[in-house]
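Report on the structure given below.
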Amino acid sequence: MIYRRDNNQEKKKKFFVILAIFFFLYLFTFTPIGSFTRAQLQRFAPSVWGVGEQLALSNARIFSVFDSKSALIEENETLKKEIRDISLKLLDRNLLYEENLLLKERLGRGEYGQAVVARVISKPPRSLYDTLVVDAGSREGIQVGERVLYGDNIMIGEIAEVFEKTSKVRLFSSSGEVIDVTIGKRAVPALAVGIGGGNFEIQIPRDTLISLGDSILAPSIMPHFLGVVEYIESKESDPFERILFKSPISPLEIETVEIVAE
Amino acid sequence: MSLYKKHSYERSATSNGMRKYSIVGVRICVDILIAISIFFLTPWAPLLLVIGAIFYFKNFYEAIAAGVLIDMLYGVSLVKFFHTQWAMTLLFLFIYFIFNYAKRYTRFYGSR
């Protein structure tokens, strides 16, 4: 006698499982349950990342015992020299910046949004999303759409989502993200498209006067720096040329950011 | 039932129960590993762990939960993911069904 396996029950079970999955996805997407769960998770996540950071730090301390002494001395000297060079450059830059602010104030455009300094608690490449999670949220007055800067003036992204203690930052260099920019002294307007890893691409007509080293700014009363032209690809057959540039700071190295309300 | 048969039956029942417990234990450990990898490692780590777990365990629904967790922690609407905040959930859902289906046709895991 041949017994046929009854698959009906198994099929029913599978159907209900799939139904349950889609029901939960619906609940998480279209009802307040999703935002509530996200908010609770973002409340607890910083402490988990904090524990990881502490572990990494103590690991680094333990293994630093094995570093070679002469290599450390050499690294120390190089870093000291770099700091000297940078502080000299900064002197000049700070003077110009203050002069710029003074001029804007005299022309009635001196008011500038207050900046909130935030520490990056999660950064790429922890997920396929090119996002940063920072430790400032609605408690610090952060709002969606505010600009995120590195240092005083390097623009890296904008606030995408705000929770009580944390916020998510969408990086402009994320693949496919588009941002208005101006290129060089002539302030040639263009659209920069993010291609991931802090890199951008711009397509502009071939005869536009652009040269390597031209700075790329995000237009505003207080233009923010995005990068400098690093590569220009031009073909006889193509009426457009391709400009590549990258952010001066890699998203992987960002430790703190400033969040500015425009 | 003879004494021998009774003993062997009890023994197999106990060993089955033990096996079930140990599999549940391993499954919980894998779940914790996946959660840790989501918080601290690169995106490929949870992906590989989830694929391995789908092959090893029966109905590894935690794969979808892993996608939901990633989206809740890091997800924002991006052009590259067609402006959906649930890209990883959908990806892990897809992976779950594809690998669960593929599993049936493999020699080693077909009977699991």
Handout entry: Neighbours by Cβ (under 8 Å, 6+ apart or cross-chain): first from segment A:134-160, closer than 22 Å to A:P223 by Cβ and in contact (Cβ under 8 Å) with a residue 40 or more places away in the chain; second crowded, with 18+ Cβ neighbours inside 10 Å and aromatic (F, W, Y)
Key = A:N153/A:F225; A:I154/A:F225; A:M155/A:F172; A:M155/A:F225; A:I156/A:Y150; A:I156/A:F172
Exercise for the section: Would you check if A:I232 is assigned by TED's automatic domain parsing to the domain that holds A:I154, touching a residue at least 12 places away in the same chain (Cβ under 8 Å), under 29 Å from A:E98 (Cβ atoms) and of a type outside the set (S, T, N, Q)? Expected result: no
Handout entry: Qualifying residue in segment B:67-87 (condition: closer than 30 Å to B:R107 by Cβ and touching a residue at least 24 places away in the same chain (Cβ under 8 Å))
Key = yes
Handout entry: Every residue from segment A:235-252 that is buried (at least 17 other Cβ atoms within 10 Å of the Cβ) and either within 18 Å of the chain's Cα centre (by Cα) or outside the structural domain of A:M155 (by TED's automatic domain parsing) (or both)
Key = A:F245, A:K246, A:S247, A:P251
Practice task
Kindly provide the set of residues from segment A:205-231 that are more than 18 Å from A:I154 (Cα to Cα) and touching an Asp or Glu at 6+ places or on another chain (Cβ under 6 Å), ordered by number.
Solution key: A:R206
Practice task
Identify the residue in segment B:40-61 that is surrounded by fewer than 17 Cβ atoms within 10 Å (Cβ to Cβ) and not aliphatic (A, V, I, L, M) and, among all such residues, is farthest from A:I121 (Cα to Cα).
Solution key: B:K58
Problem - Selection status of A:R38, in a helix (DSSP H, G or I), closer than 30 Å to B:Y74 by Cα and more than 14 Å from chain B (Cβ to nearest Cβ) - result: no
Handout entry: Qualifying strands (runs of 3 or more DSSP E) (wholly inside segment A:81-160; at least 1 residues being of a type outside the set (S, T, N, Q) and over 21 Å from A:P248 (Cβ atoms))
Key = A:115-122, A:131-134
Handout entry: Matching residues, segment A:111-170, being out of contact with any strand residue (DSSP E or B) (no Cβ under 7 Å at 6 or more places or on another chain) and within 12 Å of chain B (Cβ to nearest Cβ)
Key = A:P124, A:P125, A:R126, A:S127, A:L128, A:Y129, A:V162, A:F163
Practice task
Go through (1) in contact (Cβ under 8 Å) with a residue 24 or more places away in the chain; (2) in a loop (DSSP other than H, G, I, E, B); (3) surrounded by fewer than 22 Cβ atoms within 10 Å (Cβ to Cβ); (4) within 14 Å of chain B (Cβ to nearest Cβ) and name the single condition A:S173 misses.
Solution key: (3)
Problem - Qualifying positions in segment A:162-175 - touching a Phe, Trp or Tyr at 6+ places or on another chain (Cβ under 9 Å) and not basic (K, R) - result: A:F172, A:S173, A:S174
Completion exercise
When every residue in segment B:73-87 that is buried (at least 19 other Cβ atoms within 10 Å of the Cβ) and more than 7 Å from chain A (Cβ to nearest Cβ) is compared, the one modelled with the highest pLDDT is B:A87
Completion exercise
The lone condition A:I121 fails out of (1) out of contact with any Pro (no Cβ under 7 Å at 6 or more places or on another chain); (2) surrounded by 15 or more Cβ atoms within 10 Å (Cβ to Cβ) is (1)
Problem - strands (runs of 3 or more DSSP E) contained entirely in segment A:195-262, each with at least 1 residues that are of a type in the set (G, A, S) - result: A:215-218, A:224-234
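The values are calculated or read from the model by the stated rules, or taken from the named source; none is laboratory data. All figures in this text were calculated on a predicted structure; none of them were measured in a lab. A quick note on method: Cβ atoms are made from the backbone with ideal geometry, for glycine too, and the neighbour counts reach across all protein chains shown.
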